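Engineer: One structure coming up, written as structure tokens, with questions to follow.
The values are calculated or read from the model by the stated rules, or taken from the named source; none is laboratory data. Just so it is clear, the structure is predicted and the values come from calculations on it, not from any experiment. Cβ: placed from backbone, ideal geometry, glycine included. Neighbour counts: every protein chain shown. Each accessible area value is taken on the protein alone, full model and side chains, heavy atoms only, with ligands, DNA and RNA left out. Shrake-Rupley method; radii C 1.70, N 1.55, O 1.52, S 1.80 Å.
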Amino acid sequence: MPVPPVLSYLLLALGLSWLVALPFRVPTYWPTHLVAFSVETLAVLAALTLLPALRGRLGRHTAAALAALAAILALGDMMIRLALNRPLNLALDLPLIRAFHDLASGTFGVWGGLAALLGLFLLPVAAYGLVLLAARSVQRLGRHPGVKAVALLLALTGVTVQTLQRERPDYFGTYWPASTSAGVALVSQWTQYRELQTSEPAFRAAEAGDGLQDIPRNRLLAGLKGADVLLGFVESYGESALTNPLYAPRITARLERFAATAEAAGLQAVSGWLVAPMAGGQSWLAHASVLSGLTIDSQQRYDLLTTGNRRTLERYFAKAGYRTIAYEPAITRPWPAGGFFGFDATLTAGEMGYDGPAYGWKTMPDQYTLHRFEQDERRLPPGGRPPVFAKFSLIDSHAPFTPLAPLVEDWERLGDGSLFRDLPREGGDPEALWQDTGRIRLAYAAALDQALAVLQAYAARHVDDRTLLILLGDHQPPGFIAGDTGSRAVPVHVLSGDPALLRPFLDWGFRPGMIPDPAAPRRPMAAFRDFLVDSFSPLDDRRIAQDRTAPVELDAARQSN
């Protein structure tokens with residue numbers, strides 16, 4: 001028995017509008033309240049039946065293209081919110097497809113990376129094909145007189161319910177059956193695109209405001225007294241590591257051991273907070289914010305920065321007579337933007353002489369990166385070489401968090417890293433691990449603990465009274481690991497054998513020890529460049545670091561969380 005045209009249209013229109021609304025509702029409403037209808041879909045289907053200009057091929061393909069775009073926006077927004085704790089910005093986030101592929105390949109292998117990439121494209125293609133077939137059926141059903149009336153009635157009903165939801169939300173409580181998320185997403189992306197086109201003048205104006213250039217060369221960073229300055233960004237090390245009960249016991253215990261080891265080595269430490277411009281990923285934005293003294297919170301601002309003339313932190317060190325070097329073990333492709341930063345040398349993965357195994361996505365262990373720096377730059381005593389400003393991207397705690405390289409107790413054995421081939425890997429198989437959120441979180445804690453353990457061993461061995469070691473997180477981990485937090489704060493730890501080098505940090509709100517005060521000031525990463533240069537560039541003949549013997553008072557009562 002044939003289905004009446006009106007009933008066919010009803011089933012088709014309601015089913016299709018539910019499919020369009022569903023991916024936008026899953027992140028917010030899962031696992032309940034998933035039954036909804038897309039007002040935009042009902043309106044488009046009504047237009048296909050009522051407007052002569054849309055009854056042909058052009059109408060069908062236009063509807064299919066809109067559906068494919070809606071699928072892209074829904075999937076992209078879901079992934080970006082899950083990983084980076086923010087909404088999708090399509091104009092800025094398209095380049096992240098490559099990063100997604102690289103991470104998937106490092107976690108699941110080459111074929112897994114290809115499958116993940118293929119999955120990104122299958123959904124919009126499937127949406128296009130499905131809606132194209134549905135639109136053809138709608139146009140055919142629209143020849144029946146009753147269908148046109150039903151199509152118009154459904155569209156008007158959708159608009160009416162949506163209006164009531166907006167004007168009288170108490171009618172519906174927490175469950176709103178009408179959805180305009182697809183339309184809102186399309187308009188939002190267009191608005192963001194237009195804003196991007198007009199943002200460059202404001203960025204260039206901020207870029208030009210650089211008062212540090214007025215500091216005389218003979219006073220620039222003179223307060224450091226020629227101490228080496230080492231700046232290490234610890235991957236995915238955010239405030240949640242110290243506050244989330246899943247991680248805090250383990251990481252706090254590690255920091256307490258770190259503090260004890262540092263004290264035994266004759267070092268002192270202070271800790272505080274900075275606020276990253278983003279969360280969950282895109283570490284290069286945090287690095288650029290610290291180095292440039294500007295908030296770099298999007299790829300567009302990063303591109304503007306690296307095509308401008310901003311003087312970054314390492315350039316001030318170079319002007320003060322320092323040798324500047326960056327170790328970038330995560331960079332495996334040509335990096336055109338690297339020339340902007342102006343380090344005397346930038347070593348990427350292929351230039352670091354590592355002959356050991358990769359650990360999933362991670363090209364080499366942090367321990368090897370730090371060892372290579374010491375061998376390259378600090379074998380001569382300070383008097384036999386210029387002081388060094390070094391920047392490290394430390395990746396042991398990068399997703400997928402496993403496998404991990406073991407910590408080699410005897411650093412002299414590290415050589416070219418080939419000994420890691422014979423050492424057992426720690427952690428489970430990433431492919432199996434990433435099927436269980438609970439196991440992922442445990443692996444994150446283990447990876448971060450290992451990263452800090454490596455730095456603990458490094459500080460005890462290589463940091464002295466001629467070294468200022470600054471360790472900071474680059475950003476919070478992805479949202480499903482960090483938990484329900486709006487914080488973008490990251491811990492900062494500063495260690496030295498010279499207590500005078502720590503005084504400016506104490507004056508800035510840091511406290512003694514390896515655990516930051518939860519109530520301490522939380523300044524943006526963009527504030528760090530000016531703070532460091534200003535604090536160690538005295539404006540008269542006095543030197544901030546002139547007294548190299550006065551102790552930094554440690555208040556044991558303030559070391560608890």
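Engineer: Regarding L502, is this residue part of a strand (DSSP E or B) and modelled with pLDDT of 95 or more?
Structural biologist: Taking the combined requirement at face value, the residue does not satisfy it.
Engineer: Ok, one more. Looking only at region 250-262, which residues are within 18 Å of I440 (Cβ to Cβ) and open to solvent by 30 Å² or more (accessible area, probe 1.4 Å)?
Structural biologist: Across region 250-262, the qualifying residue is only R250.
Engineer: Another question, then. Based on this model, can you work out whether A265 counts as open to solvent by less than 20 Å² (accessible area, probe 1.4 Å), in contact with a Gly (Cβ under 9 Å, 6 or more places away or on another chain) and small (G, A, S)?
Structural biologist: The answer is no for A265.
Engineer: Among the residues of region 476-499, which ones are under 23 Å from Y368 (Cα atoms) and under 26 Å from the mean Cα position of the chain (by Cα)?
Structural biologist: V492, H493, V494, L495
Engineer: Right, next: Could you list, ordered by first residue, the pairs with Cβ atoms under 8 Å in which the first is in region 50-66 and open to solvent by less than 90 Å² (accessible area, probe 1.4 Å) and the second is part of a loop (DSSP other than H, G, I, E, B), at least 6 apart or interchain?
Structural biologist: Every condition considered, the pairs that remain are L50/G142; G59/L51.
Engineer: Within region 499-525, count every residue that is open to solvent by less than 20 Å² (accessible area, probe 1.4 Å) and out of contact with any strand residue (DSSP E or B) (no Cβ under 8 Å at 6 or more places or on another chain).
Structural biologist: Within region 499-525, residues that are open to solvent by less than 20 Å² (accessible area, probe 1.4 Å) and out of contact with any strand residue (DSSP E or B) (no Cβ under 8 Å at 6 or more places or on another chain) number 2.
Engineer: Here's a check for you: in region 111-141, which residue that is open to solvent by 60 Å² or more (accessible area, probe 1.4 Å) and of a type outside the set (A, V, I, L, M, F, W, C) is farthest from A68 (Cα to Cα)?
Structural biologist: The selected residue is R140.
Engineer: Being part of a loop (DSSP other than H, G, I, E, B), surrounded by fewer than 16 Cβ atoms within 10 Å (Cβ to Cβ) and not polar (S, T, N, Q): is that true of R311 here?
Structural biologist: no
Engineer: Are there any pairs with C-beta distances below 7 angstrom linking a residue in region 283-305 that is under 14 Å from G339 (Cβ atoms) and in contact (Cβ under 8 Å) with a residue 24 or more places away in the chain to a residue that is assigned to a helix (DSSP H, G or I) and among the polar types (S, T, N, Q), with the two at least 6 apart or on different chains, and if so which?
Structural biologist: Qualifying pairs under 7 Å: L305/S292.
Engineer: Related question: Which residue is modelled with the lowest pLDDT, if the candidates are limited to region 69-104 and must be crowded, with 19+ Cβ neighbours inside 10 Å and not hydrophobic (A, V, I, L, M, F, W, C)?
Structural biologist: Restricting to residues being crowded, with 19+ Cβ neighbours inside 10 Å and not hydrophobic (A, V, I, L, M, F, W, C), the top hit is N85.
Engineer: Starting from region 204-220, keep only residues that are modelled with pLDDT under 85, then list their pairs with residues that are open to solvent by 80 Å² or more (accessible area, probe 1.4 Å) and assigned to a helix (DSSP H, G or I) whose Cβ atoms are within a distance under 8 Å, requiring at least 6 positions of separation or different chains.
Structural biologist: L212/D534
Engineer: Continuing with the same structure: Of the residues that sit in region 387-416 and are closer than 30 Å to T312 by Cα and charged (D, E, K, R), which one is surrounded by the fewest Cβ atoms within 10 Å (Cβ to Cβ)?
Structural biologist: Per the criteria, the residue is K391.
Engineer: Tally the residues that are surrounded by fewer than 14 Cβ atoms within 10 Å (Cβ to Cβ) and outside any loop (DSSP other than H, G, I, E, B), restricting the search to region 201-221.
Structural biologist: Residues in region 201-221 being surrounded by fewer than 14 Cβ atoms within 10 Å (Cβ to Cβ) and outside any loop (DSSP other than H, G, I, E, B): 8 in total.
Engineer: Of all residues in region 332-367, which are within 23 Å of T467 (Cα to Cα) and part of a helix (DSSP H, G or I)?
Structural biologist: Those that are within 23 Å of T467 (Cα to Cα) and part of a helix (DSSP H, G or I): F341, D366, Q367.
Engineer: Can you tell which of L231, L224, L186 is surrounded by 15 or more Cβ atoms within 10 Å (Cβ to Cβ) and in contact with a strand residue (DSSP E or B) (Cβ under 6 Å, 6 or more places away or on another chain)?
Structural biologist: L231
Engineer: Filter region 458-475 down to the residues that are closer than 15 Å to H371 by Cβ and over 27 Å from the mean Cα position of the chain (by Cα), then identify the one that is least open to solvent (accessible area, probe 1.4 Å).
Structural biologist: V463
Engineer: May I pose another question? Please enumerate the residues belonging to region 142-173 that are open to solvent by less than 30 Å² (accessible area, probe 1.4 Å), in a helix (DSSP H, G or I) and modelled with pLDDT under 80.
Structural biologist: Within region 142-173, Q165 is the sole residue that qualifies.
Engineer: Right, here's the next one. From L370, L419, which residue is surrounded by fewer than 16 Cβ atoms within 10 Å (Cβ to Cβ), touching a residue at least 24 places away in the same chain (Cβ under 8 Å) and either on the phi < 0 side of the Ramachandran plot or in a helix (DSSP H, G or I) (or both)?
Structural biologist: L419
Engineer: To continue, here is another question. Starting from residues that are buried (at least 24 other Cβ atoms within 10 Å of the Cβ) and part of a helix (DSSP H, G or I), keep the ones in region 276-290 and report whichever is farthest from the chain's Cα centre (by Cα).
Structural biologist: That would be V290.
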